[in-house]
1. Output the residue which, of all residues in the stretch 223-239 that are within 21 Å of VAL195 (Cα to Cα) and over 17 Å from the mean Cα position of the chain (by Cα), is surrounded by the fewest Cβ atoms within 10 Å (Cβ to Cβ).
2. Failed condition for SER151, given (1) at pLDDT 75 or above; (2) assigned to a helix (DSSP H, G or I); (3) hydroxyl-bearing (Ser, Thr, Tyr), with all others met?
3. Within the stretch 120-129, which residues are buried (at least 19 other Cβ atoms within 10 Å of the Cβ), touching a Phe, Trp or Tyr at 6+ places or on another chain (Cβ under 9 Å) and hydrophobic (A, V, I, L, M, F, W, C)?
4. Quick one: would you say LEU158 is more than 13 Å from the chain's Cα centre (by Cα) and surrounded by fewer than 19 Cβ atoms within 10 Å (Cβ to Cβ)?
5. Can you name the residue in the stretch 68-112 that is modelled with pLDDT of 75 or more and not in a helix (DSSP H, G or I) and is also surrounded by the fewest Cβ atoms within 10 Å (Cβ to Cβ) among such residues?
6. Can you tell me how many residues in the stretch 187-211 are under 28 Å from LEU173 (Cβ atoms), assigned to a helix (DSSP H, G or I) and not polar (S, T, N, Q)?
7. Considering only residues that are part of a helix (DSSP H, G or I), of a type outside the set (Lys, Arg) and touching a residue at least 60 places away in the same chain (Cβ under 8 Å), which ones fall in the stretch 263-280?
8. Tell me, please, whether a residue that is under 22 Å from SER124 (Cβ atoms), among the small types (Gly, Ala, Ser) and touching a Phe, Trp or Tyr at 6+ places or on another chain (Cβ under 8 Å) can be found in the stretch 39-53.
Amino acid sequence: MAKFSKWLCSQLRLIGATARKEFIIFTRYPANAVLSLIEPLMWLTPLYFMGKAFSVGGHAVGFEGFTGTSDYFSFVMVGAFMSSYIAVAFWGMAYSIEEDMILGVLEPNWVTPANRVSILLGRSIMFALLTTVQSLGVLLIGALLFNVKVSGDIFVALLIIVPMLIAILGLGLGLAGIVLAIRRAQTAIDMSNWVFSQISGMQFPVTVLPKPLMAVALTLPATYGYDAVRSVLLGTNPLLPMKQEIMILVTSAIVMCIVGRAVFYTFDRRCRRLGTIGGH
């Protein structure tokens with residue numbers, strides 16, 4: 001027990017040190033930090049006007065029949081809020097591998113005694129914290145400029161996001177292992193991000209999907225994350241009772257972390273055996 005406690009403390013220190021390093025790098029570019037707050041509004045604004053174009057008297061009547069709310073833009077805004085966490089999981093895990101390859105520091109990092117998963121986790125946690133601040137800022141701007149109506153408990157919504165984020169981090173870890181082998185992250189991340197953002201219902205309810213795609217959507221933890229958070233913040237009709245959706249998210253977090261870790265170390269061992277770590 002004492003040995004495990006010592007190991008755990010060392011990993012937490014490593015995760016904290018990695019997160020601090022990434023935060024210092026982030027703060028060295030303040031203009032980028034400001035632009036990261038503005039960028040989501042650039043692609044959300046057209047959706048606001050599209051929602052108005054399909055509304056009658058400010059209410060999207062047909063949309064309300066599927067979701068329980070006639071406020072399409074608030075629905076999309078919460079979806080954007082959620083999708084930013086999905087992007088963090090993929091980019092914080094998988095893309096950081098390619099970035100280290102480009103910078104030529106992957107191999108030196110990989111031969112140190114430091115736990116490789118803890119390094120990736122430290123990066124992702126820092127980005128998740130920054131994303132929380134960014135997303136709350138975007139929601140505030142949306143409320144001021146576009147009359148986004150969020151009436152539920154944001155703290156409860158953030159708690160629901162936690163198991164979904166852990167599940168996506170598990171998937172991102174597996175994706176990082178694949179990037180080690182293929183040495184390219186962009187295509188793999190873009191495809192994964194599209195599936196988890198679009199098919200899971202970032203911009204529309206999954207109930208409008210054709211049956212084959214809806215069957216896929218119902219296997220993704222992000223679907224239940226979007227649905228549960230919208231139910232809390234907007235009062236939309238949930239796919240399943242809230243307790244069931246949270247149980248699905250918790251179970252997905254456990255399963256994906258186990259599978260993702262196994263996939264990552266499988267490719268890690270393969271790359272070490274072939275001597276391709278750091279190749280780009």
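The values are calculated or read from the model by the stated rules, or taken from the named source; none is laboratory data. Treat the numbers as computed from the prediction; the structure is a model and nothing was measured. FYI the Cβ positions are ideal-geometry reconstructions off the backbone, even for glycines, and counts take in every protein chain you see.
1. Out of the qualifying residues, it is PRO238.
2. Looking at each condition in turn, SER151 falls short on (2).
3. Of everything in the stretch 120-129, those that are buried (at least 19 other Cβ atoms within 10 Å of the Cβ), touching a Phe, Trp or Tyr at 6+ places or on another chain (Cβ under 9 Å) and hydrophobic (A, V, I, L, M, F, W, C) turn out to be LEU120, MET126, PHE127, ALA128.
4. no
5. Of everything passing the filter in the stretch 68-112, GLY68 is surrounded by the fewest Cβ atoms within 10 Å (Cβ to Cβ).
6. Residues that pass the stated criteria total 9.
7. VAL263, PHE264, TYR265, THR266, PHE267, ASP268, CYS271
8. no
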